[in-house]
C-alpha cells in the first residue's frame, strides 16, 4: 500500500496556491460539543481542486485521471449561541476557527478500481499538527459512503460545490 506525502500544502490556506481552486465551503453536518455548547455544524470543509480538473469536469461530467481533491477541515470559531453561531462586526453567523483536519482523494482508475477509480487518504481529523504521510483509508472509512451516495457524480459530492453543481457538465 503506497503512502502519499501531502506536499501541495505549503503553510495552510490553499487559496493562494497557484493552480488550485477553492470549490466549496460547506459545513459538516455531524453533531458535536465545543465549549459546552452543542450544535450541528462543527466545521467547514474547504475543498480544493486544480483549475484544469474543474474545467474538465465542467466539460465532461467526470474528473480526469490524476485529479487530486483536497478537503481542509476548519472548526467553527468559538460559538456563543446554542446553534453554534456567534456575533461579529459583520453580523451573526458562522466563522472559520482552528484547523481540524485534512483529507485527500486521488483519481486513478487502475489502482483504485474497487472504489470506482478513487483512493481516499486522511492526514488527521484533529487540530494541528497532521501526519506527513497517509496510507489509503479502508473502504468503510471513506469510499463506502461515496459509493453508496455519489457514485453517479464521479464519487464527489457536487451538490455541495456550487461551481460544479450549478453548471450542466454535458
Please pick out the residue among 150, 139 that is assigned to a loop (DSSP other than H, G, I, E, B) and touching a helix residue (DSSP H, G or I) at 6+ places or on another chain (Cβ under 9 Å). 139
Would you check which residues across the range 120-145 are within 17 Å of residue 101 (Cβ to Cβ), crowded, with 17+ Cβ neighbours inside 10 Å and under 14 Å from the mean Cα position of the chain (by Cα) and list them? 120, 121, 122, 123, 142
The conditions are (1) surrounded by 13 or more Cβ atoms within 10 Å (Cβ to Cβ); (2) within 15 Å of residue 58 (Cβ to Cβ); (3) without any contact (Cβ under 8 Å) to a residue 60 or more places away in the chain, and residue 166 fails exactly one of them. Which is it? (1)
Within the range 86-105, of all residues that are touching a residue at least 12 places away in the same chain (Cβ under 8 Å) and farther than 14 Å from residue 43 by Cβ, the one surrounded by the fewest Cβ atoms within 10 Å (Cβ to Cβ) is 104
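So if I check each of 19, 11, which one is out of contact with any strand residue (DSSP E or B) (no Cβ under 9 Å at 6 or more places or on another chain) and at pLDDT below 90?
Values: 19 fails: out of contact with any strand residue (DSSP E or B) (no Cβ under 9 Å at 6 or more places or on another chain).
Exactly one residue qualifies, and that residue is 11.
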For the subset of the range 43-64 comprising residues that are exposed (fewer than 13 other Cβ atoms within 10 Å of the Cβ) and touching a residue at least 40 places away in the same chain (Cβ under 8 Å), which member is farthest from residue 167 (Cα to Cα)? 60
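Could you please give the count of residues in the range 72-81 that are surrounded by 15 or more Cβ atoms within 10 Å (Cβ to Cβ) and part of a loop (DSSP other than H, G, I, E, B)? Even if it seems obvious, please write down each step before you answer.
So in the range 72-81, the residues surrounded by 15 or more Cβ atoms within 10 Å (Cβ to Cβ) come out as 72-77, 79.
Remaining after also requiring part of a loop (DSSP other than H, G, I, E, B): 77, 79.
So the answer is 2.
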Which condition breaks for residue 108 when tested against (1) within 20 Å of residue 49 (Cβ to Cβ); (2) out of contact with any helix residue (DSSP H, G or I) (no Cβ under 7 Å at 6 or more places or on another chain); (3) free of Cβ contacts under 8 Å to residues at least 40 places away in the same chain? (3)
Out of the residues in the range 82-101 meeting the condition of being in contact with a strand residue (DSSP E or B) (Cβ under 7 Å, 6 or more places away or on another chain) and not in a strand (DSSP E or B), tell me which one is nearest to residue 130 (Cα to Cα). 95
If we keep just the residues of the range 46-68 that are part of a strand (DSSP E or B) and at pLDDT below 95, which is farthest from residue 123 (Cα to Cα)? 50
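The values are calculated or read from the model by the stated rules, or taken from the named source; none is laboratory data. These figures come from a predicted structure and were not determined experimentally. Counting neighbours? That spans all protein chains shown, and the Cβs are built from the backbone with ideal geometry, glycine included.
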